[in-house]
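The values are calculated or read from the model by the stated rules, or taken from the named source; none is laboratory data. Everything numeric here is computed off the predicted structure, so don't read it as measured data. Cβ coordinates were reconstructed from backbone atoms using ideal geometry, including for glycine residues, and neighbour counts include every protein chain displayed. All accessible areas refer to the heavy atoms of the entire protein, side chains included, with ligands and DNA or RNA removed. Shrake-Rupley method; radii C 1.70, N 1.55, O 1.52, S 1.80 Å.
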Protein chains: 2
Amino acid sequence: MRAEVLQVRAFSRAVTRRFGALDEQYLGRRRPLAEARLLFEVGMHATAVRNLRARLGLDSGFLSRLLRSLERQGLLVTESARDDGRIRVARLTRAGRRELHHLNALSDALARSVLAPLSPEQARRLVAAMAEVERLLCASSITITPAQPGDQDAADCRRQYFQELGSRFPEGFRPTAAHALTLRRLEPRAGRVFVARLAGDAVGFGAVRRIAPGMGEIKHMWIAPRVRGLGVGRRLLAELERAARRMRVRVLRLDTHASLTEALGLYRSAGYRKIPRYNDNPYAQHWFEKVLVASARPGRG
Amino acid sequence: MRAEVLQVRAFSRAVTRRFGALDEQYLGRRRPLAEARLLFEVGMHATAVRNLRARLGLDSGFLSRLLRSLERQGLLVTESARDDGRIRVARLTRAGRRELHHLNALSDALARSVLAPLSPEQARRLVAAMAEVERLLCASSITITPAQPGDQDAADCRRQYFQELGSRFPEGFRPTAAHALTLRRLEPRAGRVFVARLAGDAVGFGAVRRIAPGMGEIKHMWIAPRVRGLGVGRRLLAELERAARRMRVRVLRLDTHASLTEALGLYRSAGYRKIPRYNDNPYAQHWFEKVLVASARPGRG
DNA sequence: ATGCTTCCCTGACTATAGTCAGAGAATGCG
DNA sequence: CGCATTCTCTGACTATAGTCAGGGAAGCAT
């Protein structure tokens, strides 16, 4: 563990030194780095100010000022969103798009300057290792937190979840009454909802509810396609189990559709055993159960 | 190439976002980041102000101010160097060392917070990939540039080179008259010296000189042990060959000692062929020659 | 001794990156 | 409708990170 920590530190130093310096040198020459980053983040299509704030992690006042500055430079315009007048949407002008292209070119040059001194074989290996680091850092920065009641992100996930069920079930999918009794009605007495987030975006969610004294049920486990394979499902499930324990649940059940093969694999490897049908969910073909024991390692999936 | 460039960019974004944010959050909480970095750089032993300036790349006035601030906080003291009254040396006080330990602990916590959400297998793979990226970024940031006449770094390298020869040759080593006619007397008419540098430190050097019309000789190739295996030797050799071509050299020769196995391998794989003894160097057992042709890919080793 | 250079320092100034409180418009909720 | 909340914006302020010119002390070359 000690060696791993030291390697992470050495890595951080090496990378921030190299890329931090280059970033300023390449991208910050023409304008403040914050403005350049904002241009990148707005990108080619209109983006809500609130999303920009979440992704860049900026203070509302500061971001507003940056927007005004870019607006004065004629690089972007802001306008109110159609469906919600409070939300403002930023969009690059033609000049802004040109500037973004320029920044992209600089950024490419920066990347090439890193690869150029290396042999083809070294460059290949560096790129492969970078892909691996990026993937795992992404996994590592995904947080799993309890949803606030009425959480918009959780509702978004639920919509996407249902949509995916519809496209994956051969027979199609329409939410039943049982599916409707969710989220809002779960919390806070009868259940808990957790949301996985990556840089401000919701990328997964899941719920646990009590269905009888000492017995709970996992519902609505869903992970966004772009973060599948990063172990988020496993972490989310562990989080739900911890929440279940805190709700004095000793036995957890769940049902699932035969076509959801990743889910089936996850449940099996997480210690869930097949049991006979315990409910009348018309979309379920498999039922599982797990007896919870005190966890030796809280905080780990 | 395009895909590689995009991967490098994605990596840079991901890493600076993650570590940049954490750096500030962990290390910058108690004091300005620049002060924290300076404490790290001074470290446990006395360090000359000029070296701090070089390593951190700071303006002289700004660094001076940072030093005064840390001095006021009782974390370090500065004093004149014994042998050169102009040079000031910074040294942590007892309180400063305590603070450094604290920063180290925070930095460790930061590293652990990256590893914590991952499964043991993921953490293992992340650390391995980070080590690879760090190694190759290090290789990529090594620059190879012509030495200025009387370059102190080149002289340093030469000293270390002779020292290493002494420890590696079974028969020991004392520079002969032929070895003495170097560096200063090479440049700029009869030869060229190149120095490899990593973040301000010289980590290798090599020379080429003309020994007859159209014929040149590689001398004094040396790479610091800590950067061996990164392809620096190959790049340096390619640089020397380019310089030779510019000097209208068509045939390059070199000699080497049988115990320098890495060098032998490098010369062979770079296209040098064994030839009979062409000089009276008492420390040489192998002689090589290469006919230079116009290079198809300048800039690559 | 004299002049040149190196090294570090101070004073004065600027740019960048925020933080915080509060106001005003739009929306959601009962 | 009335009230609370959300979202964005502005004004006022602070902290951080520099840049630049110039000066004094020490060393170096002759």
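Here is how the numbers come out for the structure above:
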read-out	value
Candidate set from the range B:236-270 (those that are assigned to a loop (DSSP other than H, G, I, E, B) and open to solvent by 30 Å² or more (accessible area, probe 1.4 Å)); member that is nearest to B:PRO225 (Cα to Cα)	B:SER259
Pair list, Cβ < 8 Å and 6+ apart or interchain, from the range A:85-96 residues that are in a helix (DSSP H, G or I) to residues that are of a type in the set (A, V, I, L, M, F, W, C)	A:ALA95/A:LEU75; A:GLY96/A:LEU39; A:GLY96/A:VAL42; A:GLY96/A:LEU70; A:GLY96/A:LEU75; A:GLY96/A:LEU76
Any hit, the range B:135-147, residues being part of a loop (DSSP other than H, G, I, E, B) and away from chain A (no Cβ under 14 Å)	yes
Residue check for B:ASP59: at pLDDT 90 or above, closer than 23 Å to A:PHE19 by Cβ, within 13 Å of DNA strand D (Cβ to nearest atom) and surrounded by fewer than 16 Cβ atoms within 10 Å (Cβ to Cβ)	yes
Hits in the range B:65-90 (condition: open to solvent by 50 Å² or more (accessible area, probe 1.4 Å) and among the polar types (S, T, N, Q))	B:GLN73, B:SER80
Residue under evaluation B:GLY85, criteria (1) touching a strand residue (DSSP E or B) at 6+ places or on another chain (Cβ under 9 Å); (2) more than 12 Å from chain A (Cβ to nearest Cβ), criterion not met	(1)
Within the range A:98-130, considering residues that are of a type in the set (Gly, Ala, Ser) and over 20 Å from B:LEU230 (Cβ atoms), the one nearest to the other protein chains (Cβ to nearest Cβ)	A:SER107
Extreme residue, modelled with the highest pLDDT, among residues of the range A:193-211 that are at positive phi and open to solvent by 10 Å² or more (accessible area, probe 1.4 Å)	A:ALA199
Count - residues of the range A:12-66 that are on the phi < 0 side of the Ramachandran plot and within 11 Å of DNA strand C (Cβ to nearest atom)	25
Residue satisfying condition, being of a type outside the set (Lys, Arg) and touching a helix residue (DSSP H, G or I) at 6+ places or on another chain (Cβ under 9 Å), within set B:LEU264, B:LEU237	B:LEU237
Matching residues, the range B:111-125, being without any contact (Cβ under 8 Å) to a residue 12 or more places away in the chain and either more than 13 Å from A:LEU6 (Cβ to Cβ) or polar (S, T, N, Q) (or both)	B:ALA116, B:PRO117, B:LEU118, B:SER119, B:PRO120, B:GLU121, B:GLN122, B:ALA123, B:ARG124, B:ARG125
Identity of the residue in the range B:126-154, touching a residue at least 12 places away in the same chain (Cβ under 8 Å) and surrounded by fewer than 16 Cβ atoms within 10 Å (Cβ to Cβ), that ends up nearest to A:ARG18 (Cα to Cα)	B:THR143
B:ALA81, sole failed condition from (1) within 30 Å of A:LEU237 (Cα to Cα); (2) within 10 Å of DNA strand C (Cβ to nearest atom); (3) of a type in the set (Gly, Ala, Ser)	(1)
Top-ranked residue of the range B:35-47 - restricted to ones that are open to solvent by less than 30 Å² (accessible area, probe 1.4 Å) and within 13 Å of DNA strand D (Cβ to nearest atom), ranked as nearest to B:ARG97 (Cα to Cα)	B:LEU39
Residue match in the range B:111-121 (condition: buried (at least 20 other Cβ atoms within 10 Å of the Cβ) and within 16 Å of DNA strand D (Cβ to nearest atom))	no
Filter result (among the basic types (Lys, Arg), at the interface with chain A (Cβ under 7 Å from one of its Cβ atoms) and free of Cβ contacts under 8 Å to residues at least 24 places away in the same chain) within the range B:1-19	B:ARG9
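Okay, residues lined up against (1) assigned to a helix (DSSP H, G or I); (2) within 29 Å of A:GLN7 (Cβ to Cβ):
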{"site": "B:ARG17", "(1), (2)": "yes, yes"}
{"site": "B:ARG31", "(1), (2)": "no, yes"}
{"site": "B:LEU38", "(1), (2)": "yes, yes"}
{"site": "B:VAL77", "(1), (2)": "no, no"}
